[in-house]
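Engineer: Mind looking over this structure? Questions follow.
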Amino acid sequence: GCKEKIKMAQSLAKEFTKGLWAEVPPFRLVLGLCPVLAVTTKVENGIGMGLATTFVLVFSNLLVSLLRNVIPSKVRIACFIVIIATFVTIVELVMQAFAYPLFLKLGIFIPLIVVNCIVLGRSEAFASKNTPVLAVADGLGIGIGFTLSLSALSAVRELLGAGTITIWNGATIFEMGAAFQPFTFMVQAPGAFVALGLMLACMHLIPSK
């Protein structure tokens, strides 16, 4: 009836929105930090990695949920990894075909999505225990939250480290004036840790609920 539809809509909204704030992976759950630290030198890299991870999250969650009653519990992790690897391979091939320069920039971190604890964690903790609709909502919310997190960190690092913000194929949407002196430390490896630490501190000053 009407009450069931309202309840379902509320459940969908809850599972989708939790990944945007209350459980945003890098800043609340502190998961998936390897690509967060490695690829966020430019906003376009952050967006590309975020979208690739979102695709894998949504479709692996969907397939795991559909097969949750078929996969034997003793081999579930191995099965989840095979499912995730399938969608990572699809992402890799599509990026090679249509976004090759970005694929070269992201490099090894595309295939490493297979072992990203966010993706495997959502399959194990949520998709394997819930319906396909809820699993897709969860994957989409977590994926978008991850993409926004990467984009925000990339924007801070690129702006301070290079004085620009680039979103796609080197297209610059913002550039500091000629007098700006880039703080190149921010686009180097140590700068990633400093920027992430400061953003984590800021996020934890704000309630998650």
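The values are calculated or read from the model by the stated rules, or taken from the named source; none is laboratory data. All figures in this text were calculated on a predicted structure; none of them were measured in a lab. When we count neighbours, we look across all protein chains shown, and the Cβ atoms used for this are built from the backbone with ideal geometry, even at glycine. To get the accessible areas, we keep the full protein, side chains included, count just its heavy atoms, and leave off ligands, DNA and RNA. Shrake-Rupley method; radii C 1.70, N 1.55, O 1.52, S 1.80 Å.
Engineer: Can you tell me which of (1) assigned to a helix (DSSP H, G or I); (2) of a type in the set (A, V, I, L, M, F, W, C); (3) open to solvent by less than 40 Å² (accessible area, probe 1.4 Å) is the one Val136 doesn't meet?
Structural biologist: For Val136, the failing item is (3).
Engineer: Right, something else. Looking at the range 75-84, is at least one residue in contact with a Pro (Cβ under 6 Å, 6 or more places away or on another chain) and open to solvent by less than 30 Å² (accessible area, probe 1.4 Å)?
Structural biologist: Going residue by residue through the range 75-84, those that are in contact with a Pro (Cβ under 6 Å, 6 or more places away or on another chain) are none.
Looking through the range 75-84, none of the residues is in contact with a Pro (Cβ under 6 Å, 6 or more places away or on another chain) and open to solvent by less than 30 Å² (accessible area, probe 1.4 Å).
Engineer: Filter the range 61-73 down to residues that are touching a residue at least 60 places away in the same chain (Cβ under 8 Å) and in a helix (DSSP H, G or I) and give me whichever is most open to solvent (accessible area, probe 1.4 Å). Don't jump to the end; show me each part of the working.
Structural biologist: Filtering the range 61-73 for residues touching a residue at least 60 places away in the same chain (Cβ under 8 Å) gives 61-62, 64-66, 68.
Okay, now just the ones that are also in a helix (DSSP H, G or I), so 61-62, 64-66.
Working: Asn61: 0, Leu62: 53, Val64: 0, Ser65: 0, Leu66: 104 Å².
Across the range 61-73, the extreme among qualifying residues is Leu66.
Engineer: Then there's this: Taking the stated definitions as given, is Leu104 of a type in the set (A, V, I, L, M) and open to solvent by 70 Å² or more (accessible area, probe 1.4 Å)?
Structural biologist: Values: of a type in the set (A, V, I, L, M): yes; open to solvent by 70 Å² or more (accessible area, probe 1.4 Å): yes.
Considered against the rule, which asks whether it is of a type in the set (A, V, I, L, M) and open to solvent by 70 Å² or more (accessible area, probe 1.4 Å), Leu104 comes out as yes.
Engineer: Let me ask another. Considering only residues of the range 110-133 that are not in a helix (DSSP H, G or I) and not aliphatic (A, V, I, L, M), which is surrounded by the fewest Cβ atoms within 10 Å (Cβ to Cβ)?
Structural biologist: Among residues in the range 110-133 that are not in a helix (DSSP H, G or I) and not aliphatic (A, V, I, L, M), the one surrounded by the fewest Cβ atoms within 10 Å (Cβ to Cβ) is Thr131.
Engineer: Of all residues in the range 33-60, which are open to solvent by less than 10 Å² (accessible area, probe 1.4 Å) and either in a loop (DSSP other than H, G, I, E, B) or closer than 19 Å to Ala137 by Cβ (or both)?
Structural biologist: Selection gives Val39, Thr40, Gly50, Thr53, Val56, Leu57, Ser60.
Engineer: Could you list, in sequence order, all residues of the range 147-189 that are open to solvent by 60 Å² or more (accessible area, probe 1.4 Å), out of contact with any Pro (no Cβ under 9 Å at 6 or more places or on another chain) and part of a helix (DSSP H, G or I)?
Structural biologist: Within the range 147-189, Leu148, Thr184, Phe185, Ala189 qualify.
Yes/no per residue for (1) aromatic (Phe, Trp, Tyr); (2) at pLDDT 90 or above; (3) under 16 Å from the mean Cα position of the chain (by Cα):
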| residue | (1), (2), (3) |
| --- | --- |
| Ala9 | no, yes, no |
| Leu12 | no, yes, no |
| Pro35 | no, no, yes |
| Met49 | no, yes, yes |
| Ser60 | no, yes, yes |
| Val75 | no, yes, no |
| Cys79 | no, yes, no |
| Thr86 | no, yes, no |
| Tyr100 | yes, yes, no |
